[in-house]
Structures are given as C-alpha cells and as structure tokens.
Amino acid sequence: MADLLVTGGAGFIGSNFVHHVVEHTDLGVTVLDKLTYAASRESIDELPSDRVELVEGDITDATLVDKLFSDHGSVVHFAAESHNDNSLHDPSPFIQTNIVGTFTLLEAARKHDVRLHHVSTDEVYGDLDLDDPKRFTEDTPYQPSSPYSASKAGSDHLVRAWVRSFGVRATISNCSNNYGPWQHIEKFIPRMITNLIDGVPPKVYGDGLNVRDWIHADDHSSAVLRILEQGRIGETYLIGADGERNNLQVVKALLAAFGRNEDDIEFVTDRPGHDRRYAIESGKLRSELGWSPRFQDFEAGLADTVAWYRSHEDWWRPHKQATEAFYAAKGQ
Ligand code: NAD
Ligand code: TDX
C-alpha cells in the first residue's frame, strides 16, 4: 500500500509535487490522473517505479475513488481543469472536474476517514486594484471572477462544509501563480518563452499592467507538504513568495534573457473579466508552520525555466501549433 495518493500528479504542479515528495521523504506515491491534454506521463516517468505508481482514471469515478481511498491514509488533491481562458471558452469540464470531482473525493474521505489536503488558488478572492496596498489573507471574502475561479471557490466551500458537518480531516491551501518546469505552454510564461524560441513576439493581453504574484512550483510543493504534515485540520493557509510583477515586467525580463529588444511585444485582445492584480500575504504559513520559499530571486528562477524549455523542446513542440491556433481564433 502506497502512503500517499496524489490526484492530478501528472499535471504541472502535481508532478513537481511528486518529484518533491520522492526527493524529500520516504513516502510511496500513487498518482490518480485522467491524463487530459494538460497532463504528461513524461513528467513522472523517470521516478523510481518502487516509489511512484500511476493510475489512469477520473476523480469523478466514485467506484475507483472509493477503492483508492480504502488503500491510502492521505490524499493531496491537485486534479483540476486549470486554465482561465479555456473556462471562458467551455466551462463545462470545470464544473465537472473541479466541483463534482472534489465532491467525489470528499465523500470517499468521509467514508474511509482519510486525511485530505485540497489545493486551491488565490483567484477565489477575485482581484485587487493596482494602487490598493492590501494583499489577500485567509480572511479575505470570496469573490471569484471567471468560471475557473468560481469552480475552485465552489470546491473550497465543499471542503469546509465536509470538515464542519462530517468531521472530514481536511486542510486547504490557496496559492498564487506558479512557474517552473512541466507547465503547459497554454499558460503565460511558457507561452511567451516558446514564442521567443520561435522568434515570435510575446503576446500580452490588454495593457499588460495586470499583476500576478509568482512562486516557483517547487516552493508551492514544499508548502503543501508542510501543511499536509503539520497543518491544523480545518485550517486554510495562503501560499505566496512575495513575487508581485506585472505582465510587462515578466515579458521584458524574458526579452532580455533572449537578447531581444524590450519593446518587441505584441499587445492582443484582452481576456474578458481579466483580474487586475493578485497578491498573497503568507504570514500565517510562515509563522505557524515555519515555511519559507527557496526561490527568492524570481529573475533567476525565470532564467532556469527558460533553460528548461530550451532543453525540453521535444516535450512541448507537438502542442505548440494547436495551442497557438486556439489563441489566434480569439485574436490573442
Ligand atoms: P494542470 O492543468 O497542469 O494539471 C491538472 C492535472 O489534473 C492534469 O494532469 C490533468 O490530467 C488532471 N485532471 C484533470 N481533470 C481530471 C479528472 N477529472 N480526474 C483526474 N485527473 C484530472 O494544473 P496545475 O497548474 O498543475 O494546477 C494544479 C492545481 O493547483 C489545480 O487544482 C489548480 O487549481 C491549483 N493551482 C494552480 C496554480 C497555477 O499557477 N498553475 C496556482 C494555484 C493553484
Ligand atoms: O498569452 C497570454 N498573454 C497574457 O498576457 C496568456 C496566456 C496570459 N496572459 C496574461 C493573463 C494573466 O494576467 O498573463 C497572466 C497570467 O495568465 P495565465 O498563465 O493564464 O494565469 P492566470 O490566469 O493568472 O491563472 C494562473 O494562476 C492561478 C493559473 O492558470 C491558475 O490555474 C491558477 O489558479
């Protein structure tokens, strides 16, 4: 019996988390993943087979979930539809996976008294104004803007209700924007890096002044592991690494890394309902659980990420054309 079940462990952050667990603990891991377009077997293929097992399946499959929960003491739940632009195009899989899927896991956690950590996003809090000195805290009211963030907010509410009504042993974390290896090229940073590799200008939505609070996926992983091991049941922890940058700053850093003119940017159609700014105050996690991020220098982490995409072209190249066709149809 493996110790830990990780849903979505073949996706971007889930696979980084599985690597982190293999490197920093003795735990055995079962990955439950539907292997959607966003997943990649390659991301976990090279991990030792006596430590990591992949089960291909859907978190909305109650029979499969029940069986896996009867065999595992702890679950970390990453599986989700994760891309805002896709949720504006077709919200349906977001409701199914993010809400019905989380419900399915909660029912199994209740039945088998399994410890569950639910991975969520800062987008549940809506957005902040650019000149607002405030950052999100665990007490910020929920005000999601997109079908994606609304579905994640719904899943968070379900987890809290199952803790309070049924005594499920769960914790929640809400993290800011991640970057690092294995991120699908539909997302901002890998899309811009792979454009630049192809000699195509970065495509920035709207005026490019939208702010995201960047954290390396390995720091997100160390925080989740810490919460799983030491977090208080029923509590929510915000995860962030003080990485606020606007999109133009990120793109200019990438242009510099490629030795290109910093004005070589294409401004494209804005995202409907585009959140202006996210910013995380992670004091509770740091003071209560003693966590701190390892990647303190965003520009250095970005340079590592550029190098990773340069050396993993075989992995992303087959998806580039279809990804760009999706955006081109929307003027992006
Ligand atoms: P991702 O899209 O890269 O990976 C999601 C994974 O879930 C994929 O492997 C996919 O196959 C799997 N999956 C999807 N539907 C499934 C289903 N029905 N059953 C089983 N597996 C399914 O996403 P990500 O960026 O790695 O995000 C992981 C989690 O972290 C999500 O819950 C997301 O909301 C949260 N999060 C992401 C970020 C970010 O910046 N990417 C920030 C904060 C929180
Ligand atoms: O081509 C682009 N051009 C652009 O300007 C893309 C793809 C994005 N953007 C902008 C939109 C956002 O302001 O870049 C910013 C980041 O965009 P995404 O990578 O799509 O991330 P975001 O919408 O902020 O959501 C991410 O962080 C929170 C993850 O995708 C979510 O899963 C997570 O919950």
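Here are the numbers:
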| quantity | calculated |
| --- | --- |
| Among (1) part of a loop (DSSP other than H, G, I, E, B); (2) within 20 Å of LEU225 (Cβ to Cβ); (3) more than 16 Å from ligand 2 (Cβ to nearest atom), the one test that PRO181 misses | (3) |
| Residues of the range 7-24 classified as more than 10 Å from ligand 1 (Cβ to nearest atom) and surrounded by 15 or more Cβ atoms within 10 Å (Cβ to Cβ), total | 5 |
| Count of residues meeting criterion [closer than 30 Å to HIS24 by Cα, in contact (Cβ under 8 Å) with a residue 12 or more places away in the chain and of a type outside the set (Gly, Ala, Ser)] in the range 187-232 | 20 |
| Failed criterion for GLU324 (all others in (1) of a type in the set (D, E, K, R); (2) surrounded by 14 or more Cβ atoms within 10 Å (Cβ to Cβ); (3) on the phi < 0 side of the Ramachandran plot; (4) in contact (Cβ under 8 Å) with a residue 12 or more places away in the chain hold) | (4) |
| Residues that are assigned to a loop (DSSP other than H, G, I, E, B) and among the charged types (D, E, K, R), drawn from the range 288-316 | ARG294, ASP297 |
| Test: residue in the range 86-99 that is more than 15 Å from ligand 1 (Cβ to nearest atom) and either in a helix (DSSP H, G or I) or touching a strand residue (DSSP E or B) at 6+ places or on another chain (Cβ under 8 Å) (or both) | yes |
| Selection within the range 164-191 - more than 15 Å from ligand 1 (Cβ to nearest atom) and surrounded by 20 or more Cβ atoms within 10 Å (Cβ to Cβ) | VAL168 |
| Within the range 139-157, tally of residues that are among the aromatic types (Phe, Trp, Tyr) and in a loop (DSSP other than H, G, I, E, B) | 1 |
| Test: residue in the range 60-77 that is within 17 Å of the chain's Cα centre (by Cα) and in a loop (DSSP other than H, G, I, E, B) | no |
| The range 290-332: number of residues that are of a type in the set (S, T, N, Q) and over 15 Å from MET192 (Cβ atoms) | 4 |
| Residue check, SER146 under 28 Å from GLY28 (Cβ atoms) and of a type in the set (S, T, N, Q) | no |
| Residue match in the range 208-217 (condition: more than 15 Å from ligand 2 (Cβ to nearest atom), under 17 Å from the mean Cα position of the chain (by Cα) and crowded, with 20+ Cβ neighbours inside 10 Å) | no |
| Residue in the range 256-276 that is of a type outside the set (D, E, K, R), under 25 Å from LYS330 (Cβ atoms), within 19 Å of the chain's Cα centre (by Cα) and modelled with pLDDT of 95 or more present | yes |
| Of all residues in the range 35-58 being β-branched (Val, Ile, Thr) and either within 16 Å of ligand 2 (Cβ to nearest atom) or under 17 Å from the mean Cα position of the chain (by Cα) (or both), the one that is nearest to LYS320 (Cα to Cα) | THR36 |
| Test: SER15 is part of a helix (DSSP H, G or I) and more than 12 Å from VAL55 (Cβ to Cβ) | yes |
| Filter result (more than 14 Å from ligand 1 (Cβ to nearest atom), under 20 Å from VAL75 (Cα atoms) and either in contact with a strand residue (DSSP E or B) (Cβ under 8 Å, 6 or more places away or on another chain) or part of a helix (DSSP H, G or I) (or both)) within the range 100-138 | LEU106, GLU107, ALA109, ARG110, LYS111, HIS112, VAL114, ARG115 |
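The values are calculated or read from the model by the stated rules, or taken from the named source; none is laboratory data. Quick caveat: nothing in here was measured; it's all calculated off a predicted structure. Neighbour counts run over all protein chains shown; Cβ positions are idealised from the backbone, glycine included.
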